[in-house]
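Take a look at the structure below.
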Amino acid sequence: MNRLQKLFSEKKSNLLSIYFTAGYPSLNDTATIIEALQDSGVDFIEIGLPFSDPIADGPTIQQSSEIALENGMHTTLLFDQIKDIRKTVSTPLLIMGYINPIIQFGLEKFCQTCHQIGIDGVILPDLPMQEYLESYKSTFDKYGICNIFLITPVSSTERIQWIDENSNGFIYMVSSAGTTGARAGVSDEQSSYFEKIQKLNLKNPTIVGFGISDKNGYEKACLNANGAIIGSAFIKMLSGSTNLKSDIADFIKGIKS
Amino acid sequence: MTQYSVDERGYYGSFGGAYIPEMLYPNVEELRQKYLEIINDPSFKEELDQLLKDYVGRPTPLFLAQRLSAHYKTNIYLKREDLNHTGAHKINNTLGQIILAKRLGKTRIIAETGAGQHGVATATACALMGMQCIVYMGEIDIKRQAPNVYRMKLMGAEVRPATCGSKTLKDATNEAMRDWISNPVDTHYIIGSVVGPHPFPDMVARFQSVISEEMKWQLKEKTGNEDPTHIIACVGGGSNAAGAFYHYLNKPKVKLVAAEAAGQGISTGHSAATTFLGKTGVLHGSKTLLMQTDDGQITEPYSISAGLDYPGIGPIHAHLFETSRAQFIAITDQQALDAAVMLSRMEGIIPALETAHAVAALDYLELQESDVVVINLSGRGDKDLQTFINSGII
Ligand SMILES: Cc1ncc(COP(=O)(O)O)c(C=O)c1O
C-alpha cells in the first residue's frame, strides 16, 4: 500500500488536493510549493509536468505550462528538484501530465524514478484505460505506481464500472463536460451527476476535479464525493503571489475554514 | 504479408490507436462503432457520389503531361485534384464527414485549419448543408492566410483564433479538441487529414480513396494497365497521399513516393520533414512519428507551404515509412518553388506549393522510358501567389 492508498484507507471525506504546474511561476518553486501545501494541510498534491500541447487543459493551465516550459522545466529537472522531497514531505504526491514526455523519458525509467523518489501515482488524461491495460499497466504495477483515471458526465455507467474495476487509488471525477479551468459554482446538474456516481458504490474513492475553484465548490463536491481537487484557481493565485508560503497558507485556509 | 490497412485496435503496425481524454471517449467511440456501417450504406454512397459529381466536379481528369514527360524521358500523368471545387482534395473528406455528421444527428461542426484550405473546404460543406461551422486557426496563420479567412467568413463560418502555444496548426488542432471536449453532444469534429484518434485516420483515408479508385480505371483506359509504376504525393498529415496510395497499398510493384517538406533543409532547424527528424510519440490522439525535443515537447515545424507545416504525419504513413512500403523524400522550399515554376511553364498548371513538393520528387527517381508515373496534383496554386511573388521567382 503506498501513501495514497493509505490516505484513502484512513480518511474518507473532505479530502482536498491541489494541482500546480512544476516550473511555474518560477523554475525552482517546485519544492517550496509542495512544502507549503503540506504545511497548510492539503491531503494530497498533483505536480503538473508541463506539455506543449495540453488538450485537456483550459487557458490557465495552458499558460502556466507554456511559461513553465519557457522557464526551462523538463522531466529530468523536475525529478532532480524533488529527489529529496521525501526527507521533508510525507503528503501523497502524484504527477499529472501527458503521455508523450513520459514515452520520451522512457516508461520504465519514469516509473522507476517515481518509485525511488516516492511519487505515489500519475494522472495522464491522454492515456485511456484500454491502451493502459494493453501496454502500460504491467510497468506501472511493477513499481507500485497508481494510475488514476478520469470519468466524466458523459461516461456510461457500464464504462464507469469498468474503469473502477481496473483502478487503484482513486477515481478522478471530471465535474462537467469541459477542460480544466476555474468555473463559478457547482450547478444542480453537476450535483445530480455526483449523486448518480455516489449511488454506484464504486470500490475506489471518488475525487471531483476540473472547475472546482473555491470553498463553496469544494464543499458541494464533498457532499457526494470523497473530496475535491483545485487547480486553475490555485494557479491564478500563484500568478499574483509575492510571498508563496503565506499566500498558499491563506488560499488553503480560505477553502478549508 | 504486411498489412497496410488499419487493424481492429485502430493501429497501423505499431502506430495509431486512440489516445484521447475520457471526455472524448463517447464521441470517438460512437464514431468507431458506426462509421463503417454509415459510409457503406448504399444511400450514403449515393448521396456522397452525387455531390462529388455535381458539386465537386468529379471524376477529376487524369492528364498526360507530355512536355513534362519528355523532359524526364518517361510517362507522367497528373491526377487533377486541383480542379475540385475549392481547389484541392480537402473537399472529398469534408463532404464525406458532413454527411456522416448529419446521420449521427450532429448540428454543429468544428474544424482546425493551418493554411485555411481545410477550413475553406469545411466552411463550404457547412454552407451547402446549412450547418453551423466554427473553424479554429492559429493567430499567426490568420494573419498569414488572410484571404482564406475571408473566404470562410463569406460562407458563414466563424473563425476562432488559437492564441496559445505556437499559434499555428497544431494549436488550432488543440483548440478544436478542447471545443469537442466541451461540446460532446451536438458537435462533430471534421478533422482535416489522416491524423487524430482512430477511426479518423481510416475514415479520412476512405473518403480520399476516391482518388486512387478513379486512377485505376483512368489508367486502364489510357494505358491498358490499371497499375502505374510510381505514385507520388506530398505529405503534410498525409490525406491526399493516403487517398492516392489507397487502392495500390497491396500491390508491391507500384512504388509509392511521399514528398515531405524539408523547409530550408533537413538539418537547418527549419524543417517539417517528419520521417527524417521525428520520433515515435503521442499527439492529437494517435501514436505516430512526431517532431519533438528529447524531452517530448512537440516542436514547431517550418515549411514555405503552410499545408505541410505539421509536426507529425498520419499513423498510416509512419507505418508505410517503417515498413519501407513507401519511399520518403524531403524537398526543400527552393526545390518546391522551382518545381512550381517548371510545372507552370511546361504544362500551364500552377500547383499549390504543397503539391509542388510532389512534383520536385521526380528529380530523385530513376525513371525508365517505359515507366508510368502518377503525380497526385493535390491543389492549385492561386492561394500561393503572394508567396511566389515574395520569393522572387516570377
Ligand atoms: C493542396 C494541398 N496539398 C496537400 C496538403 C497537405 O495535407 P495532406 O497531407 O493531408 O494531404 C494541403 C493541406 O492544406 C493542401 O492544401
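Rule-based calculations on the coordinates, nothing more; no lab input. Because the structure is a prediction, the values reported are computed rather than measured. So basically every Cβ, Gly included, is an ideal-geometry build from the backbone, and we count neighbours across all protein chains shown.
A Förster radius of 51 Å combined with the Cβ-Cβ distance from A:S9 to B:L128 puts the calculated FRET efficiency at roughly 0.30.
Trypsin sites (Lys or Arg not before Pro) within segment A:74-183: which are DSSP loop residues with at most 15 other Cβ atoms inside 10 Å?
Of the trypsin sites (Lys or Arg not before Pro), the ones in loops of segment A:74-183 whose Cβ has at most 15 other Cβ atoms within 10 Å are A:K83.
Highest mobility in the GNM of chain B, judged by mean-square fluctuation with C-alpha springs under 10 Å and restricted to B:G312, B:G165, B:G17, is found for B:G165. Neighbours of A:G181 by Cβ distance under 13 Å: Lys/Arg scored +1, Asp/Glu scored -1, total +2. For the pair segment A:49-106 and segment B:231-251, the centres of their Cα atoms are 38 angstrom apart.
Straight-line cross-link reach from A:K87 at under 16 Å between alpha-carbon atoms covers these aspartates and glutamates, not counting any fewer than eight positions away in the same chain: A:E35, A:D39, A:D120. For segment B:164-220, the pair-distance distribution built from all alpha carbon pairs, in bins 10 Å wide starting at 0, is 20, 37, 26, 13, 5 percent.
A Cβ-based charge dipole, computed about the Cα centre of chain B with Lys and Arg at +1 and Asp and Glu at -1, lands at about 480 debye. Other protein chain C-beta atoms within 10 Å of residue C-beta, averaged over A:143-150: 1.
The Rg/Rh ratio of segment A:1-139, with Rg taken over Cα atoms and Rh as the Kirkwood radius over Cα pairs, comes to 0.94. Shown for chain B: cysteine residues without a partner Cβ closer than 4.7 Å, namely B:C164, B:C234.
Fewest Cβ neighbours within 10 Å first, please rank B:E213, B:E300, B:E22 accordingly. Mind showing how you got there, number by number?
On the way: B:E213 14, B:E300 18, B:E22 23.
So the ranking, lowest neighbour count to highest, is B:E213, B:E300, B:E22.
Centre-to-centre separation between the Cα atoms of segment B:321-370 and those of segment B:16-45: 35 Å.
When the trypsin sites (Lys or Arg not before Pro) in segment A:199-253 are filtered for DSSP coil states and for at most 16 other beta-carbon atoms within 10 Å of their beta-carbon, the remaining sites are A:K203.
So, counting K/R as plus one and D/E as minus one, what does the shell of residues with Cβ under 12 Å around B:Y4 add up to? List each step's numbers first, then the result.
Numbers: positive: B:K251, B:R325; negative: B:D7, B:D202, B:E322.
Residues close to B:Y4 contribute a combined charge of -1.
Ignoring lysines fewer than eight residues from B:K34 along the same chain, the ones with Cα atoms less than 30 angstrom from its Cα are A:K137, A:K196, B:K45, B:K53, B:K90, B:K102, B:K106, B:K170, B:K216, B:K251, B:K287. Taken about its Cα centre, segment A:125-173 carries a charge dipole of roughly 120 debye when the Cβ of each Lys and Arg holds +1 and the Cβ of each Asp and Glu holds -1. For B:R160, what residues show an amide H to amide H distance below 5 Å, using hydrogens built from the backbone and excluding near sequence neighbours? Answer set, sorted by chain and number: B:V135, B:Y136, B:M137. With a Förster radius of 25 Å applied to the beta-carbon distance between B:T223 and B:Y55, the computed FRET efficiency rounds to 0.25. When both segment A:4-24 and segment B:189-215 are represented by their alpha-carbon centers, they are found 43 Å apart. In units of the rule-of-thumb radius 2.2 N^0.38 Å, chain B shows an alpha carbon radius of gyration of 0.90. Result for chain B in a Gaussian network model with C-alpha springs under 10 Å: among B:E354, B:E158, B:E112, the largest mean-square fluctuation is at B:E158. Residues whose amide H comes within less than 5 Å of that of A:D126, counting only those at least five positions distant or on another chain, are A:I99 (H built at 1.01 Å from N in the peptide plane). Please find, in a Gaussian network model of chain A (springs between Cα atoms separated by less than 10 Å), the residue of A:S187, A:S65, A:S232 whose mean-square fluctuation is greatest. The residue with the greatest mean-square fluctuation here is A:S187.
Stretched out fully, how many nm does the piece from B:N390 to B:L64 gain, at 0.36 nm a residue minus the Cα gap? Before the final figure, lay out the partial values.
Working: separation 326, 0.36 × 326 = 117.36 nm, distance 3.10 nm.
In short, 114.3 nm is gained.
What the phi angles of segment B:264-271 give under the Karplus curve with 6.51, -1.76 and 1.60, with θ = phi - 60°, is a coupling list of 7, x, 4, 9, 8, x, 10, 8 Hz, glycine and proline written as x. A Cβ-based charge dipole, computed about the Cα centre of segment A:1-151 with Lys and Arg at +1 and Asp and Glu at -1, lands at about 580 debye.
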